[in-house]
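Every number here is computed from the coordinates shown, using simple stated rules; none is lab data. If you're wondering where the values come from, they're calculated on a predicted model, not measured in any experiment. Glycine also receives a Cβ, built like all others from the backbone with ideal geometry; neighbour counts cover every protein chain displayed.
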Amino acid sequence: MIEWFNKANEKIQENKAYLTSLDQPIGDGDHGINMARGFQEVAGKLSENDYTDISAILKEVAMTLLAKVGGASGPLYGTVFLKMSMTLKGRDVVDGTAFTKGLEDALAGVKQRGKAETGEKTLVDVWQAVVEYFQAGNITADGLVEVAARAKERTKDMVATKGRAAYFKEKSKGHIDPGSASSYLVFEALADVMKE
Ligand code: ADP
Ligand code: MG
Ligand code: MG
């Protein structure tokens, strides 16, 4: 679990400028900055402290992102990992079934928090696709990356109806959603850890 967030942090730092460039045409150009600040802090916390279980790690991640990311995405990323933490509470080992349940509850939480459904050009689109992939079984690292990448790319043709991008209405079309791009990186990091 710690490795997942370390890898996610590396990818977010590497893609800080890219994430921000996605947020420029259909937002306020801070998504890379927000995410880089939050994930840097997460990696720092995880290296400094000891954790008794997986749920505690996820709770630390959630609280840190909530406090440090800011914007719309801070509470949303905070929610996904807090929900996951609650679902996996008391478990020493997280198998595929438990992890899938964690992802399902994370998705439900973020939809509720953002009042968003799929197709609204938000990070929900990537999380939904990943949840469905895990639910279908036959999970592989390459498959996960492919599914997340496709979901991210699909947001390009969508018209935003939630968040700042919604102000751009039809003009939001033709741009990848920044939050979907950062969520893609989170799942690419998960895939890397699965490979190891
Ligand atoms: P802000 O828009 O406050 O500057 P960020 O730029 O960090 O925050 O994050 C923007 C991302 O947050 C969007 O690309 C989108 O994926 C996600 N987002 C914004 N509003 C919502 C919402 N209501 N539901 C789900 N996701 C949302
Ligand atoms: Mg922004
Ligand atoms: Mg902002």
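Helix content alone sets the calculated 222 nm mean residue ellipticity of the chain: runs of n ≥ 4 DSSP H residues at -39500 (n - 2.57) each, divided across all residues, give -22500 deg cm²/dmol. Among Y184, Y167, Y51, Y77, the ranking by other beta carbons within 10 Å of each residue's beta carbon, starting with the fewest, stands as Y167, Y51, Y184, Y77. Placing unit charges on each Cβ (+1 for Lys and Arg, -1 for Asp and Glu) gives the chain a dipole about its Cα centre, and among G71, V193, V130 the Cα reaching farthest toward its positive end belongs to G71. For the chain, the longest principal axis of the Cα atoms and the long axis of helix 96-114 meet at an angle of about 40 degrees. Relative to the dominant Cα principal axis of the chain, helix 2-14 is inclined by about 30°. Listed by chain and number, the aspartates and glutamates placed with their C-alpha closer than 18 angstrom to that of K195 are E3, E10, D95, D142, E146; residues fewer than eight positions away on the same chain are left out. Using 10 Å bins from zero, what percent of all Cα-Cα pairs in segment 2-195 falls into each bin? Pairs per bin, as whole percents: 10, 39, 39, 11, 1.
Checking the Cα-Cα distances for K59/K83; K16/K68; K59/K121; K59/K101 against a 18 Å cut-off, the pairs over it are K59/K121.
Measuring how big segment 29-129 is from its alpha-carbon positions, Rg and Dmax come out at 13.6, 40 Å. Note on segment 2-195: with charges restricted to the Cβ of Lys and Arg (+1) and Asp and Glu (-1), its dipole about the Cα centre is near 640 debye.
Between the listed residues I12, I57, H175, the Cα displaced farthest toward the positive end of the dipole of the chain, a dipole computed from Cβ unit charges relative to the Cα centre, is found at H175. Taking Lys and Arg as +1 and Asp and Glu as -1, the other residues whose beta-carbon sits under 10 Å from that of D157 total +3.
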